[in-house]
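In what follows, a single structure is set out as structure tokens and then discussed.
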């Protein structure tokens with residue numbers, strides 16, 4: 001078992017792209033953003049209830065920005081400005097009640113105040129992951145990503161930078177995918193040693209979270225967990241965006257081409 | 001051979017040497033420390049610590065071509081002077097330990113490069129490991145070498161010519177480097193080393209030296225003529241710093257050709273016993289492995305000849321194709337698009353926004369760092385982390401137009 005004083009941090013990164021969730025609300029009214037956040041709160045409470053030294057952070061990843069839902073800035077600085085909202089009326093453990101209330105308040109703020117520009121249905125995960133890495137520098141941490149919308153192809157390089165930084169710090173990245181498979185997250189889980197799971201039934205999100213993603217890395221070796229997915233590591237050539245098995249790599253700028261040419265078009 | 005005193009000399013056509021430290025005037029080192037009103041040195045000590053932390057954020061080589069595919073030979077001196085105990089427990093053990101860390105870091109930053117190790121003692125040189133892209137073999141060899149005896153004198157000429165024998169066959173677009181860790185003050189050479197230096201220059205090999213004892217004239221000439229760097233260590237932590245300087249890719253010399261290299265991207269097949277068609281097979285990388293044959297189910301299959309390997313990157317023994325995976329190339333991207341250094345501001349300008357935008361912590365340092373592109377504010381710890389590991393600003397990557 002880990003030593004008593006070591007803090008274990010779980011960072012949950014939630015994809016709250018309003019366009020995707022709006023469409024989802026019309027497709028399947030029984031699984032909405034509120035239900036998803038309920039499941040996340042259950043997961044967060046369970047994690048904090050496991051040991052005294054477990055810590056939690058929740059980041060919401062919006063279209064153009066990412067926000068910390070929990071802990072809020074005033075809370076982390078030490079002063080307990082949340083006295084008004086922390087009185088739990090049903091005898092719940094104070095920390096869990098505070099966490100739930102803060103998450104609910106912040107997500108309401110974010111969804112009402114953030115403007116949505118454009119109608120893109122993809123989210124920028126790399127920024128939220130980068131913030132999660134900076135947040136968890138002093139303690140042993142792991143990241144759980146709950147992804148709803150599709151990948152954004154523009155952020156490949158930043159995403160890979162974040163993944164390598166996580167691998168260097170021994171931070172696991174787990175992924176729980178609601179809708180469509182994400183190649184980037186599959187690579188992230190493979191490189192950092194985390195778990196990737198695409199959920200067959202969205203309404204049972206809380207069950208999947210508690211069963212698969214609640215145990216931390218030391219306990220996972222003793223459990224039978226979903227098999228790792230087959231990750232396609234083939235590179236895409238820069239000229240046609242096809243996946244190739246044998247290609248030509250420029251020695252200066254490392255761009256990949258499918259046909260040999262004496263001049264590299266990038267440099 | 002007279003010493004030249006700094007930039008006023010014009011007798012030789014090479015760049016003038018720096019003035020030696022004993023030739024300068026007195027340094028009043030006590031003036032660096034300043035006491036505040038109560039007589040305590042705390043502020044000065046904190047300032048010194050802060051400056052040493054900041055030193056780690058190095059200059060970026062923007063707009064300079066870097067040599068990504070590197071062939072580096074490390075020559076380790078195993079002569080009698082390595083038994084000296086000024087590095088604990090002795091120089092050899094300390095050097096080998098630091099080399100293991102160097103190899104790990106090297107392959108982390110340069111995944112498609114290769115390293116070979118040469119040792120020199122008893123006036124001869126021999127290869128400890130061949131040029132290879134897999135760190136495990138090198139680390140195993142380094143661990144075994146701790147028990148070897150340090151005897152005799154090193155031979156710079158022999159070790160350099162041994163390295164040249166392999167390096168001269170390397171293709172022109174890769175960088176050819178030699179790093180020498182020299183602790184002895186003498187070298188025993190069978191022929192004129194200045195001729196060898198001319199050969200090195202013509203083969204475009206860059207030689208750098210890390211000295212463990214003192215500056216040696218022939219090393220100064222060697223490194224200056226080939227374009228490398230020469231440093232002498234002060235203590236063990238300085239040694240580590242100097243080694244880590246060689247991890248980042250050096251600027252490519254203007255004469256290196258650039259070309260497209262043919263590489264394979266094999267798929268990783270993960271098969272379990274329940275699959276119908278799966279057959280266990282030997283991995284090609286285990287052909288000369290003395291630990292016994294290993295039949296495994298999954299692995300990487302070379303797209304050209306279907307030979308199996310367990311790890312990447314590797315050069316296929318059957319068909320000669322270099323096999324890498326896309327993340328290996330992605331690891332080197334941050335050298336090509338380095339992150340700009342953040343601008344330092346005094347913290348008093350930011351009364352309202354008292355929180356670091358990356359870690360949400362309070363800004364406690366007296367200086368804060370702002371990204372020049374998005375003007376978000378970060379604390380000192382996050383700035384260090386961003387520049388050393390992350391290589392991208394957490395707020396800039398929210399901008400959709402970034403690649």
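Miscellaneous remarks
- Under 20 Å from the residue B:267 label point (7 Å along Cα→beta-carbon), backbone N, the stretch A:171-187: A:181-187
- Nearest-ten-degree value, helix A:183-192 long axis tilted from longest Cα axis of chain A: 70 degrees
- Cα-based helix-to-principal-axis angle, A:125-135 vs chain A, degrees rounded to 10: 60 degrees
- FRET efficiency, residue A:138 to residue B:194 (Cβ-Cβ, R0 56 Å, nearest 0.05): 0.55
- Label positions at residue B:281 and residue A:241, each projected 7 Å from the Cα along the C-beta direction, are separated by 3.3 nm.
- Listed by Cβ neighbour count within 10 Å, with the fewest neighbours leading, A:111, A:48 appear as A:111, A:48.
- Stretched out straight at 0.36 nm per residue, the stretch from residue B:236 to residue B:88 would grow longer than its current Cα-Cα span by 52.4 nm.
- Simple label model, 7 Å out from Cα along Cβ direction - residue B:296 to residue A:52, nm: 4.4 nm
- Residue-averaged [θ]222 nm for chain A, counting only DSSP H segments that reach four residues, each worth -39500 (n - 2.57): -10500 deg cm²/dmol
- Nearest-ten-degree value, helix A:94-113 long axis tilted from longest Cα axis of chain A: 50 degrees
- Proxy reagent accessibility, fewest Cβ within 10 Å first, across B:144, B:240: B:144, B:240
- Gain in span if fully extended, residue A:6 to residue A:230, counting 0.36 nm per residue against the direct Cα distance: 77.3 nm
- Most simply put, chain A has about 25% antiparallel DSSP beta bridges, counting only bridges with both residues inside it.
- Put in order of Cβ neighbour count within 10 Å, fewest first, the listed residues B:206, B:28, B:80 become B:28, B:80, B:206.
- Estimated FRET transfer efficiency (residue B:348, residue B:45; beta-carbon r; R0 22 Å; 0.05): 0.50
- Förster radius 51 Å - calculated FRET efficiency between residue B:220 and residue A:65 (Cβ-Cβ, nearest 0.05): 0.40
- Spin-label pair residue A:221/residue B:144, simplified geometry with 7 Å Cα→Cβ offset, distance in nm: 2.8 nm
- Full extension of the chain segment joining residue B:34 with residue B:124 gains 27.1 nm, where the gain is 0.36 nm per residue of separation less the Cα-Cα distance.
Each value in this text was obtained by applying a stated rule to the coordinates, not by laboratory testing. Given the structure is predicted, the values throughout are model-derived calculations rather than measurements. Backbone-built Cβ (ideal geometry, glycine too); neighbour counts: all protein chains shown.
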